[in-house]
Amino acid sequence: MNRALTVDFLKREARAFAECESSCRERSLFGVTDGKAVGTYLEHKFQEILGKKYAYERGSSAKGIIGERH
């Protein structure tokens with residue numbers, strides 16, 4: 001079972017994801033001018049990575065990520 005996603009883990013993963021994606025040339029996004037489409041694409045890619053490592057309730061693009069509940 002994956003470990004719970006905490007705010008600290010989320011921050012760490014977000015930083016690593018941003019650094020990696022900053023140097024990645026994503027050909028499927030070349031020429032795309034719709035910022036919402038780009039954001040949704042990156043959000044889904046990030047959530048796929050998180051889902052392989054952490055247990056959390058995946059939100060929608062509108063709701064965002066819902067972490068550990070107390």
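The values are calculated or read from the model by the stated rules, or taken from the named source; none is laboratory data. As the structure is a prediction and not an experimental result, all values here were calculated from the model. Neighbour counts run over all protein chains shown; Cβ positions are idealised from the backbone, glycine included.
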For residue 14, the lone unmet condition from (1) among the hydrophobic types (A, V, I, L, M, F, W, C); (2) in contact with a strand residue (DSSP E or B) (Cβ under 9 Å, 6 or more places away or on another chain); (3) closer than 21 Å to residue 60 by Cα is (2)
Taking region 35-59 and keeping only residues that are polar (S, T, N, Q) and modelled with pLDDT of 90 or more, one is left with 47
Residue 20 passes all but one of the listed conditions (1) more than 16 Å from residue 9 (Cα to Cα); (2) surrounded by 13 or more Cβ atoms within 10 Å (Cβ to Cβ); (3) at pLDDT 85 or above; the exception is number (2)
Within region 24-33, can one find any residue that is part of a helix (DSSP H, G or I), modelled with pLDDT under 90 and among the charged types (D, E, K, R)? yes
Review point. Out of contact with any His (no Cβ under 7 Å at 6 or more places or on another chain) and in contact (Cβ under 8 Å) with a residue 40 or more places away in the chain - does that describe any residue in region 16-38?
Key: no
